[in-house]
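Peer 1: Below is a structure I'd like to ask you about.
What follows draws every value from the coordinates through simple rules; no lab data is involved. Treat the numbers as computed from the prediction; the structure is a model and nothing was measured. Glycine also receives a Cβ, built like all others from the backbone with ideal geometry; neighbour counts cover every protein chain displayed.
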Amino acid sequence: MNRTTKGFTLIELLIVIVILGILAVAILSAINPLEQIRKANDSGRKSDAAELLNAVERYYTTFQKYPWATTTEADSPGTGGQLPPAASWLTELVTKNEVKPEFKTRKNLTAATDALNGLTVSENATTNLVYVCFAPESTSFKSLATKNAVAAVGTTHVCIPE
């Protein structure tokens with residue numbers, strides 16, 4: 001009986017599957033999806049930091065004082081440029097329409113601590129320059145942090161303005 005069927009043999013199919021598997025592993029290791037997620041989170045923090053800094057500067061331009069100067073907690077930064085808890089003066093920014101109310105519930109700003117869940121705001125007591133910094137998660141942003149000398153906590157943070 002003469003059988004002539006067209007198609008791939010089992011060995012040929014296995015070879016193709018192995019090659020596709022090797023290519024998939026190579027592509028995933030090159031892309032590194034976890035690093036991409038960390039980079040996206042850091043980009044979001046950088047955007048939030050810039051937005052917060054712009055809101056603080058707009059507030060200062062309008063009222064000739066920073067929003068933390070209006071809180072009952074302190075009239076000026078404490079030692080090392082530390083500010084009163086962010087919850088008090090962030091509400092002031094929302095009240096004066098410098099940021100939308102939704103800004104307070106952002107992923108990077110939901111904590112009720114001074115660190116704003118990743119963002120740290122500090123003021124240089126000598127120059128009165130305000131910095132908004134964050135500790136990066138991604139490798140590419142960490143390399144930026146080592147070049148940044150104005151961070152409030154050494155050079156492990158990325159700060160706005162740079």
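Peer 1: How much length would be gained if the chain were fully extended between residue 16 and residue 142, taking 0.36 nm per residue of separation minus their Cα-Cα distance, in nm to one decimal?
Peer 2: Length gained between residue 16 and residue 142: 41.4 nm.
Peer 1: According to a simple spin-label model (label point 7 Å from Cα along Cα-to-Cβ), what is the distance in nm between residue 54 and residue 6?
Peer 2: About 6.2 nm separates the two model spin labels.
Peer 1: Work out how much length residue 162 to residue 124 would gain on full extension: take 0.36 nm times their residue separation and subtract the Cα-Cα distance, in nm to one decimal.
Peer 2: This chain segment gains 12.3 nm when fully extended.
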